[in-house]
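Okay, structure first, notes after.
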Amino acid sequence: MMRELHITKGILEHHMKDFMDSLSSDVVIVGAGPSGLVAAGYLAQDGLNVTVLEKKLAPGGGIWGGGMGYKYVIAQEEARCVLDDYNIFYRRVDENFVAVDSIAMASGLIFGAAQKGAKIFNLITVEDLMVSEGRVRGVVVNNTFALMNGFPIDPVTLEAKAVVDATGHSHDIVKTLSDKNDIKLFTPTGKPIGERSLFAEPAEKAVVENTKEVYPGLFVCGMSTAAVFGGYRMGPIFGGMLLSGKKLAGLLKEYVKKH
Ligand code: 48H
C-alpha cells in the first residue's frame, strides 16, 4: 500500500543523512559551475568527503547557455582528458579544439561529480565564512529562498579543512572575506585585483596558474581566479575551467592530508 508518509519520510531521512555527513567535510566547494564540479568529482573519487553548495535550483553555472545562447562551448585538446573522465562526448573542431554540447557538458559534469561521490546541495547560498586564528574554518549557509525574500532567518554553519571559492565572476566568497575582515589575501595588493577584459589565450593560462590558496584555508578556482588575481576573461572556451578544477583536486588532496 502506498502511504504518502513514506514518500516524505524517505526524502527527509536521506536529505538529512547527506546534510549531517556535510557538517564537517574535508572540502566545501562553493559554486557548482564547471571548475567546482570537476574538482568535486576528482576529490570524491579519491575518497575525500566533498560538499558542493549551489545557490540556484540547477547546478551547472555558466555552462548551459554556451556562447550567447548558441549551445556549444569549446575546449582545448589538453582538457579533453577531463571530458573523457566524465564520459562527455564532443565533436572535433580541428587538431587543437573540440566543440562540446553545453547541455551534455553541464549534465555530464553534474552527474559525474555526484556519481563519483560528491554531495551536491542546491538552493543553499553561502553568505559568510567562519574565520578564526588567521584561517578560514568553514562556511555560513542559508536557504536561498530566505535570502531572496529578505526573511530575517539566521544561517547555520558547515566546517571544512578547506573551502573553495568556485563562484565564478562574482568571487562572492573571497569578496566577503576581504570586505568583512581586516586581512591580507595572497595577492599583490592584499585585496581582490578585479577581472580584466577579454583576451582568451592568456586568460586560459592564468586561470590554471592562479588556481591556488588565496588565504589560509581558502582556495580559488575557475573564473573567480580572474577576479581575485586580475586575469583576463576568455569567453565561451571552457578548457581552462576543466583544467583548473583538475589542478585544484591535486592541490587539495595533498593539503587535506596535512590539515
Ligand atoms: C552558493 C554560489 C554563490 C554563493 C555564486 O560561474 P560558474 O560557471 O563558475 P566557473 O568559474 O566554474 O565557470 C565559469 C564559466 O561558467 C564562465 O562564466 C566563463 C568561462 N566565462 C568567460 C567569460 O568571458 O565570461 O558557476 C559559479 C556557480 C554558479 O552556479 C552560481 O550560482 C554559484 O556559483 N554561486 N553558490 N553560494 N554565494 N555565488
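Classify the range 46-127 from the C-alpha gyration tensor, please: rounded if a/c falls under 1.5, else prolate or oblate depending on whether a/b exceeds b/c. Numbers along the way, then the final one.
Numbers: a/c = 2.77, a/b = 1.49, b/c = 1.86.
Oblate is the answer for the range 46-127, as a/c is 1.5 or above yet b/c matches or exceeds a/b.
Take every Cα pair under 8 Å in the range 142-237 that's 6+ residues apart, average their separations, divide by the length, and report that relative contact order as a whole percent.
Numbers: 153 pairs, mean separation 31.1, N = 96.
About 32 percent, as a whole number.
Placing unit charges on C-beta atoms (Lys and Arg positive, Asp and Glu negative, everything else neutral), compute the dipole magnitude of the chain about its Cα centre in debye, rounded to 20.
Numbers: 27 positive and 29 negative charges, 14 e Å.
Taking the Cα centre of the chain as origin, the dipole is about 60 debye.
First select every other residue whose beta carbon is under 9 angstrom from the beta carbon of residue 217; then total the charges, Lys and Arg +1, Asp and Glu -1.
+2
Can you tell me the relative contact order of the chain? Whole percent, Cα pairs under 8 Å, sequence separation 6 or more. All intermediate terms of the calculation are to be shown ahead of the outcome.
Working: 564 pairs, mean separation 59.0, N = 259.
Over the chain, the number comes to 23 percent.
Compute for the range 80-158: radius of gyration divided by Kirkwood radius, i.e. Rg/Rh, restricted to C-alpha atoms, rounded to two decimals. Please list the in-between numbers first.
Working: Rg = 18.6 Å, Rh = 15.8 Å.
With Rh from the inverse mean 1/r over Cα pairs, Rg/Rh is 1.17.
When DSSP beta bridges are limited to those with both residues in the chain, what percentage is antiparallel, rounded to the nearest 5? Let's see the in-between values first.
Numbers: 23 of 42 bridges.
Among the beta bridges of the chain, antiparallel pairing accounts for roughly 55 percent.
What residue among 85, 165, 128 has the largest mean-square fluctuation in a Gaussian network model of the chain, using Cα springs under 10 Å?
In this elastic network of the chain, the residue with the biggest mean-square fluctuation among 85, 165, 128 is 85.
Please give the peptides 34-43, 117-126 ranked by average Cβ packing (other Cβ atoms within 10 Å per residue), highest first, as a rough proxy for protection. Show your work: numbers first, answer last.
Values: 34-43: 31.4, 117-126: 20.0.
In decreasing order of mean packing, 34-43, 117-126 become 34-43, 117-126.
For a quick check of your reading of the filter: which GluC sites (Glu not before Pro) in the range 22-101 sit in a DSSP loop and have no more than 15 other Cβ atoms within 10 Å? Could you put the intermediate results ahead of the total?
Numbers: sites: 54, 77, 78, 95; in loops: 54, 95.
Loop-located and lightly packed - 95.
By how many nm would the segment from residue 209 to residue 18 lengthen if fully extended, with 0.36 nm per residue of separation less the alpha-carbon distance? Please report the intermediate quantities before stating the final value.
Details: separation 191, 0.36 × 191 = 68.76 nm, distance 3.32 nm.
In short, 65.4 nm is gained.
So what are the radius of gyration and Dmax for the Cα set of the chain, in Å?
Taking only Cα atoms of the chain, I get Rg and Dmax of 18.1, 65 Å.
We did not get these values from a lab; they are worked out from the coordinates using the rules stated. Remember, it's a predicted structure, so these values are computed and weren't measured experimentally. For neighbour counting, all protein chains shown are included, and Cβ atoms are generated from backbone atoms with ideal geometry for every residue, glycine included.
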